[in-house]
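Only one structure is covered here, and it is reproduced in the block below.
The values are calculated or read from the model by the stated rules, or taken from the named source; none is laboratory data. Please read all numbers here as calculations on a predicted model, not as lab measurements. Counting neighbours? That spans all protein chains shown, and the Cβs are built from the backbone with ideal geometry, glycine included. Heads up: the accessible areas ignore ligands, DNA and RNA and are worked out on the full protein's heavy atoms, side chains in. Shrake-Rupley method; radii C 1.70, N 1.55, O 1.52, S 1.80 Å.
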Amino acid sequence: MKKYGAYFVIAVALMMHATPVSADSSSDMLAIVDSLKKEMKMMQQTIDEQGRRIRQLESPAATGAALSDKEVQKNFKTTLGEVAPWLKGLKQSGDIRLRMETFDYFHKNNDAGSTGAAADRTRNRFRVRLRWGVEKDFRDDWKVGFRLSTGNTTDPTTANQTLGNSGYFTFKSVLIDRAYASYEPSALKDAGVIQGVKIAAGKVENPFFRYSTPIIWDGDISPEGLYEQAKLRLISGEKTKVELQTTLGQFIVNENTSVESDAGLYGYQGALSVTTWALGTVKPVNFATAVSFYDYPNWFQTVKSNTASTSFLRTNSIVADSFRVLDIYPEIGFELWNRPFTLWGDYATNLANVGTDDLAQSGGNNIHDADDAWGAGLKIGKLAKKGSWETSYGYYEIGTNAVVAAFSEAAFGGPGGAGGSNRKGHKLAFGYQVTDNMLLNLTGFVVRPLNPFNGNATIGIQNSTNETIFRSQVDLVYKF
């Protein structure tokens, strides 16, 4: 249309200047046409500039509308990434968690005249957790990273800082939670059966956590050492896919200066997962079974030289001079009523602790399943975006010497706040995604000792008391 408009203007001008045709009039006509072309070009440039300014005024930045995370990342890469190439491959993540936690203690001190530090009391506390991590991808199969977190230097199972402790608005500690390097060769990604290989070293994420429960691992544990992981695709059919993930870990638990041998952890895990549409369901059904073996050489020397530290001993018996824990974890995932469901079970036993089930407490009570631990539970829903939710329930029984109590979930704790073994009880949780970045979590525990206290130090459960604890947590988590 713009082109035809220009022709129309030229035609009108020619009509207005029409004279009998001559050599002079022809040259005048050509001059007029050239002049009109220049004017039209200038008019078109003016129109283009006005259009550009209108588009700027209508942009999100001009109207005050917030850019999406994707737009921000794109702008970052196309501007700063070009100016500072080292920023390419750099990513950061973190979260802030605010927690209100309450404890109610019952049963032990209900009798008239009973005494004790936890005599039917209720405790309230407010806690905060801050985590921030950075990872750099060097584009040559190598990555390095670190994560800082609140916490303390004596308990690896919590990153919380309690407000008001140690009083008077003192500063809170921020420590190194992770510091690692990892190698993932690109030549072994989607290379036939092999889907990927990863080797990582340093203070690393827990590679065994995905196929475990609070019986074995607290979510805050970051092991120290080396691990290797490989993912294999065994079957890739139209209706069924089968994958195997193998993980090996060599970790330093305690570098001893007082004894010759260091305490370590050698972990072995194989996880077989099956995804199938062959059952006639709209969404696939997922089956997974993981078998893990955790060998803790020289653990007894560590515990013996740290008997005053709950971080090492907690409720484990000193009768258990070694830990070689076999853990079996099956799960099934499916969709029902447009919601994802996951059913799981867990069984662990200490193969190195033979015979302590037969030991008796004074008073005639047997140590109930001292070598074994088990749990079962259900999760419904999945936190993903604003408005999504999930809820879960789990029941656990953890024998006194079944697992290394120092690394079990701390919140599944008994008297004194220590988690660990010689515990049985329930865990119920609900989470709601308030925004795409903010979560609200509600968690409740009802826990009591698996065997009651009788003061028998030989059996090693002298840190337990016959008391039920009701523990609740309200968390507000903001991720960035």
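Per-residue answers, yes or no, for (1) within 21 Å of E255 (Cβ to Cβ); (2) aliphatic (A, V, I, L, M); (3) without any contact (Cβ under 8 Å) to a residue 60 or more places away in the chain:
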residue	(1), (2), (3)
L148	no, yes, yes
T153	yes, no, yes
Q161	no, no, yes
V197	no, yes, yes
K239	no, no, yes
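Contact map, segment 116-140: first residue assigned to a loop (DSSP other than H, G, I, E, B), second residue at pLDDT 95 or above and aliphatic (A, V, I, L, M), Cβ cut-off under 9 Å, separation 6 or more or different chains; pairs are F138/V144.
When segment 170-184 is filtered for residues that are more than 14 Å from L130 (Cβ to Cβ), in contact with a strand residue (DSSP E or B) (Cβ under 6 Å, 6 or more places away or on another chain) and in a loop (DSSP other than H, G, I, E, B), only E184 remains. Within segment 408-446, take every residue that is buried (at least 19 other Cβ atoms within 10 Å of the Cβ), more than 17 Å from the chain's Cα centre (by Cα) and modelled with pLDDT of 90 or more and give me the one that is farthest from V477 (Cα to Cα). Ranking the candidates gives K424 first.
A count restricted to segment 203-231 and to residues that are touching a residue at least 60 places away in the same chain (Cβ under 8 Å) and aromatic (F, W, Y) stands at 3. If I filter segment 17-24 for residues that are assigned to a helix (DSSP H, G or I) and either open to solvent by less than 90 Å² (accessible area, probe 1.4 Å) or at pLDDT below 75 (or both), do I get at least one hit? Looking for residues that are assigned to a helix (DSSP H, G or I) and either open to solvent by less than 90 Å² (accessible area, probe 1.4 Å) or at pLDDT below 75 (or both), one finds at least one in segment 17-24, hence yes.
What's the total number of residues in segment 116-163 that are touching a Pro at 6+ places or on another chain (Cβ under 7 Å) and either closer than 12 Å to V174 by Cα or modelled with pLDDT of 90 or more (or both)? First the steps, then the outcome.
So the first thing to find is which residues in segment 116-163 are touching a Pro at 6+ places or on another chain (Cβ under 7 Å), and the list is 118, 141.
Subsequent filtering for residues that are either closer than 12 Å to V174 by Cα or modelled with pLDDT of 90 or more (or both) retains 141.
Residues flagged as touching a Pro at 6+ places or on another chain (Cβ under 7 Å) and either closer than 12 Å to V174 by Cα or modelled with pLDDT of 90 or more (or both) within segment 116-163 amount to 1.
Per-residue answers, yes or no, for (1) closer than 23 Å to F412 by Cβ; (2) surrounded by fewer than 17 Cβ atoms within 10 Å (Cβ to Cβ); (3) not small (G, A, S):
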residue: K143; (1), (2), (3): no, no, yes
residue: N152; (1), (2), (3): yes, yes, yes
residue: T157; (1), (2), (3): yes, no, yes
residue: G196; (1), (2), (3): no, no, no
residue: A201; (1), (2), (3): no, yes, no
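Could you look through segment 392-407, keep only residues that are of a type outside the set (G, A, S) and at pLDDT 95 or above, and pick out the one that is most open to solvent (accessible area, probe 1.4 Å)? Filtering segment 392-407 for residues that are of a type outside the set (G, A, S) and at pLDDT 95 or above, the one most open to solvent (accessible area, probe 1.4 Å) comes out as Y393. May I ask you to verify whether T247 is in a loop (DSSP other than H, G, I, E, B), open to solvent by less than 40 Å² (accessible area, probe 1.4 Å) and within 27 Å of G133 (Cα to Cα)? Answer is no for this residue.
Among the residues of segment 291-311, not a single one is touching a Gly at 6+ places or on another chain (Cβ under 9 Å), within 20 Å of K241 (Cβ to Cβ), modelled with pLDDT of 95 or more and open to solvent by less than 40 Å² (accessible area, probe 1.4 Å).
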